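Structure first, commentary second.
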Amino acid sequence: METERARISRLALGSLILGFASFVLGFLTGIPAAISGHVARYRIRKSGGRLTGDGAAVTGLFLGYALSVLWVLVIVAIGCFGILGPRNKVVGRTALEHSTALVQAVDSFYSEYSRLPEVSSHDFTTLDPEGQRLLRALWGDERLSENMLSPRQISFLRLNEARNGRGGMLFANDGRVIGLVDSWGNPYRVVLNRDAEIPLRFRYGDGTEEVLGRNVIVASRGPDGVEGTKDDIKSWALRKR
């Protein structure tokens, strides 16, 4: 009697083909590839040598599993970018608007008094004592005294109150201004230029910046909270309107 020749399992071949198709179609063919591979291997073991193709089945189910997982990760990543990306842009836009508003308030103060606010330091943050004094003067929130920065008590600056300690003005319980923070809860850095006709040189991050023709520069460290990185928001790097 002639012995029946072994033949390759069509299911194993199908698993292999579907596995390779998963490079393009992801889990749409990856899951069927994995299922087909398992079924093919089971039938090959039970065939008593009449079916071959275990290698093709193993390859197909491996590709099916691996590429399905990979495509799920890609879809999740795209979904996160699509959902969080615009939000990050909105958050960054708020920080940009606030820094621009602070620059414009100082410029308006200069136009009104022909001088910059006379605080004790020219380089500070919006949570430092100098920053608090500047903000109160720009807000029109100074206590009456001979040392007022803005004797006319003009309100040059109006921003929203920070929510959960982020993205706006900070106020004490009595309503007095105590600071300004960016969208990530960090203070802005402020550098006043005593003479806009002379280049303003200052340390920034690991380097030195030089700015000409600005009364003030304002910077946010951005989402990473580190000064001198690419996500910083720098008023002097923006086009002047």
statement: The local net charge around Val211, scoring Lys/Arg +1 and Asp/Glu -1 for residues other than Val211 whose Cβ lies under 10 Å from its Cβ, equals +1
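Under unit Cβ charges (Lys, Arg +1; Asp, Glu -1), what dipole magnitude, rounded to 20 debye, does the stretch 127-203 have relative to its Cα centre?
180 debye
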- prompt: Of Phe20, Gly140, Thr100, which is farthest on the positive side of the dipole of the chain, counting Cα position, with +1 on Lys and Arg Cβ, -1 on Asp and Glu Cβ, and the Cα centre as origin?
  reply: Phe20
query: Any idea of His38's accessible area? Nearest 10 Å², probe 1.4 Å.
result: 90 Å²
message: In the chain, if the dipole is taken from +1 on Lys/Arg beta carbons and -1 on Asp/Glu beta carbons about the Cα centre, which of Ser150, Gly48, Gly175 is farthest to the positive end?
response: Gly48
message: Looking only at the chain, where both bridge partners belong to it, what percent of the DSSP beta bridges are antiparallel (to the nearest 5)?
response: 85 percent
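Using just the helices of the chain, give the 222 nm mean residue ellipticity in deg cm²/dmol: DSSP H runs with n ≥ 4 each add -39,500 (n - 2.57), and the total is spread over all residues, rounded to 500.
-16000 deg cm²/dmol
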task: Determine the dipole magnitude for the stretch 187-241: charges of +1 sit on the beta-carbon of Lys and Arg, -1 on that of Asp and Glu, nothing else is charged, the reference point is the Cα centre, and the result goes in debye to the nearest 20.
output: 260 debye
- line: Among the stretch 119-143, those whose backbone N falls under 17 Å of a label point 7 Å along Cα→Cβ from Glu161 are 136, 139-141
message: To test your reading of the geometry: what angle, between 0 and 90 degrees and rounded to tens, separates the Cα axis of helix 10-25 from the longest principal axis of the chain?
response: 20 degrees
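Report the percentage of all Cα-Cα pairs in the chain whose separation exceeds 27 Å, rounded to a whole percent.
Details: 15994 of 28920 pairs.
Everything past 27 Å amounts to 55 percent.
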- request: For Val69 and Asp174, calculate 0.36 nm times their separation in residues minus their Cα-Cα distance, and state this gained length in nm to one decimal.
  value: 32.3 nm
Selected from Glu227, Glu210, Glu146 as most flexible by GNM, with the chain as the system and alpha-carbon contacts under 10 Å: Glu146
field: Distance between the stretch 18-76 and the stretch 98-146 - C-alpha centres, whole angstrom
entry: 67 Å
field: Spin-label pair Leu212/Phe23, simplified geometry with 7 Å Cα→Cβ offset, distance in nm
entry: 5.7 nm
- prompt: When the solvent-accessible surface of protein heavy atoms is calculated with a 1.4 angstrom probe, in what order do Arg93, Arg115 fall, highest first?
  reply: Arg93, Arg115
message: If you count only protein heavy atoms and use a 1.4 Å probe, how large is the accessible surface of Ile31, to the nearest 10 Å²?
response: 90 Å²
The chain: angle of helix 54-113 to the longest principal axis, Cα-based, in degrees nearest 10: 10 degrees
- prompt: Hey, rough spin-label estimate for Arg45 and Arg203, points 7 angstrom out along Cα→Cβ, what's it come to in nanometres?
  reply: 6.8 nm
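What dipole magnitude, in Debye to the nearest 20, does the chain give about its Cα centre under +1 on Lys/Arg Cβ and -1 on Asp/Glu Cβ?
Roughly 1480 debye for the chain.
The values are calculated or read from the model by the stated rules, or taken from the named source; none is laboratory data. The shown structure was predicted, so the numbers you read here are calculated from the model rather than taken from an experiment. All Cβ positions, even for glycine, are placed from backbone atoms using ideal geometry, and neighbour counts span all protein chains on display. Quick note on the areas: whole protein, heavy atoms, side chains included, nothing else; ligands and nucleic acids left out. Shrake-Rupley method; radii C 1.70, N 1.55, O 1.52, S 1.80 Å.
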